[in-house]
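**Student:** Please find one structure pasted underneath; my questions will follow.
The values are calculated or read from the model by the stated rules, or taken from the named source; none is laboratory data. Small disclaimer: the values here were computed from a predicted structure and weren't measured. Here the Cβ positions follow ideal geometry from the backbone for every residue, glycine too, while neighbour counts run over all protein chains shown.
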Amino acid sequence: MSKDIFEPFEYPQGFQLFAGVDEVGRGPLVGDVVTAAVILDPNNPIEG
């Protein structure tokens, strides 16, 4: 995927970290739900 399709990102004033959060489950009321949060180092991007 080309990096050209992404807009430049700037942290809003006063913030230094952001967490990307996702959840997966079989429904909001029934069954197990798994959640995860990730904070990546903006100075060491992951290729791909």
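**Student:** Out of D22, D41, which single residue is assigned to a loop (DSSP other than H, G, I, E, B), modelled with pLDDT of 75 or more, of a type in the set (D, E, K, R) and surrounded by fewer than 10 Cβ atoms within 10 Å (Cβ to Cβ)? Give the derivation first.
**Tutor:** On the way: D22 fails: assigned to a loop (DSSP other than H, G, I, E, B).
Result: D41 is the single residue among D22, D41 that is assigned to a loop (DSSP other than H, G, I, E, B), modelled with pLDDT of 75 or more, of a type in the set (D, E, K, R) and surrounded by fewer than 10 Cβ atoms within 10 Å (Cβ to Cβ).
**Student:** Return a yes/no flag: does the stretch 3-10 have any residue that is modelled with pLDDT of 75 or more, among the acidic types (D, E) and under 17 Å from the mean Cα position of the chain (by Cα).
**Tutor:** no
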